[in-house]
Amino acid sequence: MTVDIAVPLGGPALRQERRLVTSIPGPRSQELLDRKAAAVSAGVGHAVPVAAVAAGGGVVVDADGNSLIDLGSGIAVTTVGAAHPRVVEAISAQAAQFTHTCFMISPYEQYVAVAEALNRLTPGDHAKKSALFNSGSEAVENAVKIARTHTGRSAVVAFDHAYHGRTNLTMALTAKSMPYKSGFGPFAPEIYRVPGSYPLHDGLSGPDAAARAIGLIEKQIGAENLAAVIIEPIQGEGGFVVPADGFLNAVVDWCTANDVVFIADEVQSGFARTGAMFASELFGIVPDLVTTAKGIAGGMPLAAVTGRAEMMDAVHRSGLGGTYGGNPVACAAALAAIEAYETDGLATRAQQIGDRIRARFTAAQQDDPRIADVRGRGAMMALEFADPVTGAPDGALTAAIASACIAEGVIVLTCGTYGNVIRFLPPLSIDDALLDEGLGVVAAALAAH
Ligand code: PMP
């Protein structure tokens, strides 16, 4: 598109402010949205009607010069910021060196270094290995392939409210039909769904919720047929559902006792997001396999499966791979982002952000019974909305608040099986003043609806 205003550089150079110089969308954004409608498949939606031209710190700047507070991080991806200087430098240097050889043709050090870092950082001190891919869905697909090869079994259990991706196998694992699955079947076979732990709605203790799930698995599938149980330690798209204490531990113990591979899908919850490097740590569990993506590489497409060496090595030579998996530029970005996570105290920063969000909205909840729940960990926090009288999920209120916030220059995303959850996923590079201003806009939108 033609942009005759000076396009600012992203990253810390951007003024950290909410600034509206037009209504949203402004004319230049509208021009791009019109072109999008004409050129891009109608199947590809967008939540925020702006043409992004720069981003960094805690803001996204659009083609009209509006500066929006970013409480979404492009769905938990730009956790270190959208143009972290270390990541930008690493990308430029690597791109100048070489952009691709294909790791399956001529391997390179950057891929191996990312694997070493993941083997070191993921929970547990057992021997681990990794394999790199391009997207979260692809990581999940490959984790299932590894579990099936290792066990010689085919069934896979996923949970209510799960989200694992949009490819054929991962659609089958994902719970919600619209918009992710509707009309796209038939889906992959041998996927079974059981209820998990959703304390607000099931009122069960963690061990009781686990016993319910395990009972169903034993009766309806049989451990001897089950390759893997896959779960998001804190569910993402399904509504930022935090399981009751003891739930995950009991499921892991059952998997271990029955030689079933326990896969933690940390695609959304990984990389300092929840106040720990991985959400699994918050519950004291050690998964057999961990899938990662999103926050791993500061915005570049990269994903991984990391897990027990003997499981990762169960696959025959050349059984795993793909043309672009572990692209060197993405790996260089990941090494820089991981260095930032480790040296900039970002897990602690995520906890501080979570504390601010929780304090603000638990206070608001006292006066507003439509806020059914304030939950999450670290910078992965959510508000669930329900009718105070009937308890029915209030997706309409949630959508109205989200669009009011966007019109006021604050990017907030929704989620939840019933679309009745506002989720906060700010970049950890956001400053307190901007975060507070953004949360204030959300609170004002709630008060006005
Ligand atoms: N698993 C989880 C937990 C996710 O949140 C997502 C993406 N929202 C995926 C898998 C799929 O990742 P991708 O969109 O990169 O394929």
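Just the projected area, averaged over all directions, of the convex hull on the alpha carbon atoms of the range 39-87: how many nm²?
4.3
At a 1.4 Å probe radius, which order do 362, 348, 398 fall into by accessible area, largest first?
348, 362, 398
Which residue, 328, 207, 179, tops the fluctuation ranking in a GNM of the chain built on C-alpha contacts under 10 Å?
179
Ordered by residue, what ³J(HN,Hα) values in Hz, to whole numbers, does the range 201-210 give under the Karplus form 6.51 cos²θ - 1.76 cosθ + 1.60, where θ = phi - 60° and Gly and Pro are x?
So the J values, rounded to whole Hz, are 9, 9, x, 8, 5, x, x, 5, 5, 5.
So for the range 113-244, Kirkwood radius off the Cα pairs, Stokes-Einstein at 4 °C and 1.567 mPa s: how many µm² s⁻¹?
Value of D from the Cα-based Kirkwood radius: 81 µm²/s.
Could you tell me how far the Cα centroid of the range 8-61 sits from the Cα centroid of the range 239-259, in Å?
For the range 239-259 versus the range 8-61, the Cα centre distance is 40 Å.
Where Lys and Arg each count +1 and Asp and Glu each count -1, what net charge lies around residue 288 among other residues with Cβ under 11 Å from its Cβ? Please report the intermediate quantities before stating the final value.
Values: positive: 128, 308; negative: 259, 310.
Summing Lys/Arg as +1 and Asp/Glu as -1 gives 0.
With equal scatterers on the alpha carbons only and no solvent term, can you work out the Debye log10 of I(q)/I(0) for the range 34-182 at 0.12, 0.14, 0.15 1/Å?
Listed by q, the Debye log ratios stand at -0.83, -1.11, -1.23.
Rank these by accessible area, largest first, 1.4 Å probe: 291, 417, 343.
I get 343, 417, 291, largest accessible area first.
List the lysines whose Cα sits under 27 Å from the Cα of residue 129, skipping any in the same chain fewer than 8 residues away.
By straight Cα distance, residue 129 reaches 145, 294.
Let me know the shape class of the chain, please: from the alpha-carbon gyration tensor, a ≥ b ≥ c as square roots of the eigenvalues, rounded when a/c is under 1.5, otherwise prolate if a/b is greater than b/c, or oblate.
oblate
Just to verify a number: FRET efficiency for residue 95 and residue 339, C-beta to C-beta distance, R0 = 22 Å, to 0.05?
Details: r = 18 Å, r/R0 = 0.83.
Efficiency for this residue pair is about 0.75.
What order do you get for 370-378, 37-45, 298-306, 53-61 when each peptide is scored by the mean count of other beta carbon atoms within 10 Å, highest first? Intermediate values should be presented prior to the final figure.
Numbers: 370-378: 21.1, 37-45: 7.8, 298-306: 26.6, 53-61: 24.3.
The peptides rank, most packed first, as 298-306, 53-61, 370-378, 37-45.
Less than 13 Å Cβ to Cβ from residue 240, Lys/Arg counted +1 and Asp/Glu -1: what total charge do the surrounding residues give?
Within the 13 Å Cβ shell, the charges total +1.
Could you give the nm distance between label points at residue 127 and residue 396, where each point is 7 Å from its Cα heading toward the beta carbon?
In this crude label model, residue 127 to residue 396 measures out at 6.0 nm.
Name the residue, out of 427, 195, 369, whose mean-square fluctuation peaks in a Gaussian network model built on the chain with Cα pairs under 10 Å.
Of 427, 195, 369, the Gaussian network model singles out 369 as fluctuating most.
With loop defined by DSSP as not H, G, I, E or B, and exposure as at most 13 other Cβ atoms within 10 Å, which is the longest segment of the chain clear of exposed chymotrypsin sites (Phe, Trp or Tyr not before Pro)?
With chymotrypsin sites (Phe, Trp or Tyr not before Pro) excluded where exposed in loops, the chain gives 185-449 as its longest stretch.
I'd like the carbon and sulfur percentage of the solvent accessible area for the range 289-361, probe radius 1.4 Å, heavy atoms only, ligands and nucleic acids excluded.
Values: 1280 of 2710 Å².
Whole-percent figure for carbon plus sulfur exposure: 47.
For every helix of n ≥ 4 consecutive DSSP H residues, a contribution of -39,500 (n - 2.57) applies; sum these over the chain, divide by its total residues, and give [θ] at 222 nm rounded to the nearest 500 deg cm²/dmol.
Working: 15 runs with 171 residues, N = 449.
Result for the chain: -11500 deg cm²/dmol, rounded to the nearest 500.
Hand me the trypsin sites (Lys or Arg not before Pro) from the range 243-341 located in a DSSP loop with no more than 12 other Cβ atoms within 10 Å, in residue order please. Show your work: numbers first, answer last.
Working: sites: 273, 294, 308, 317; in loops: 273, 317.
Those satisfying the criteria are 317.
What percent does the relative contact order of the range 34-124 come to when contacts are Cα pairs within less than 8 Å and at least six residues apart?
14
Along the charge dipole of the chain, pointing to its positive end and built from +1/-1 on Cβ of Lys, Arg, Asp and Glu, which listed residue (71, 217, 241) has its Cα farthest out?
It is 217, whose Cα lies furthest towards the positive end.
I need the shape label for the range 87-343. Rule: rounded when a/c is under 1.5, else prolate if a/b > b/c, else oblate, with a, b, c from the alpha carbon gyration tensor. Walk me through the intermediate numbers first.
Values: a/c = 1.74, a/b = 1.57, b/c = 1.11.
Prolate.
Put a dot 7 Å past each Cα toward the Cβ at residue 177 and residue 315; how far apart are the dots in nm?
About 3.3 nm, to one decimal.
Pulled fully out, how much extra length does the chain show between residue 205 and residue 432, if you take 0.36 nm times their separation in residues and subtract their Cα-Cα distance?
Residue separation times 0.36 nm, minus the Cα-Cα distance, leaves 78.2 nm.
Given charges of +1 on the Cβ of Lys and Arg and -1 on the Cβ of Asp and Glu, with all other atoms neutral, how large is the dipole of the chain about its Cα centre, in debye to the nearest 20?
Details: 31 positive and 45 negative charges, 140 e Å.
About 680 debye.
At what distance in angstrom do the alpha carbon centres of the range 408-438 and the range 119-160 lie from each other?
Result: 30 Å between the Cα centres.
Which one, 386, 136, 201, is farthest towards the positive end of the dipole of the chain when Lys and Arg carry +1 and Asp and Glu -1 on their Cβ?
My answer, from the dipole projection, is 136.
Per residue, how many Å² of accessible area does the range 87-343 show with a 1.4 Å probe?
Result: 38 Å² per residue.
Using the Cβ atoms and a cut-off under 12 Å, what net charge is assigned to the surroundings of residue 76, where Lys and Arg are +1 and Asp and Glu are -1?
-1
Can you tell which of 64, 367, 245 shows the greatest fluctuation in a Gaussian network model of the chain with Cα springs below 10 Å?
Of 64, 367, 245, the Gaussian network model singles out 367 as fluctuating most.
The values are calculated or read from the model by the stated rules, or taken from the named source; none is laboratory data. Since the structure is predicted, the reported quantities are computational estimates derived from the model, not experimental observations. With ideal geometry, Cβ positions are generated from the backbone for all residues, glycine too; neighbour counts draw on all protein chains shown. With ligands, DNA and RNA removed, areas are computed over all heavy atoms of the protein, side chains included. Shrake-Rupley method; radii C 1.70, N 1.55, O 1.52, S 1.80 Å.
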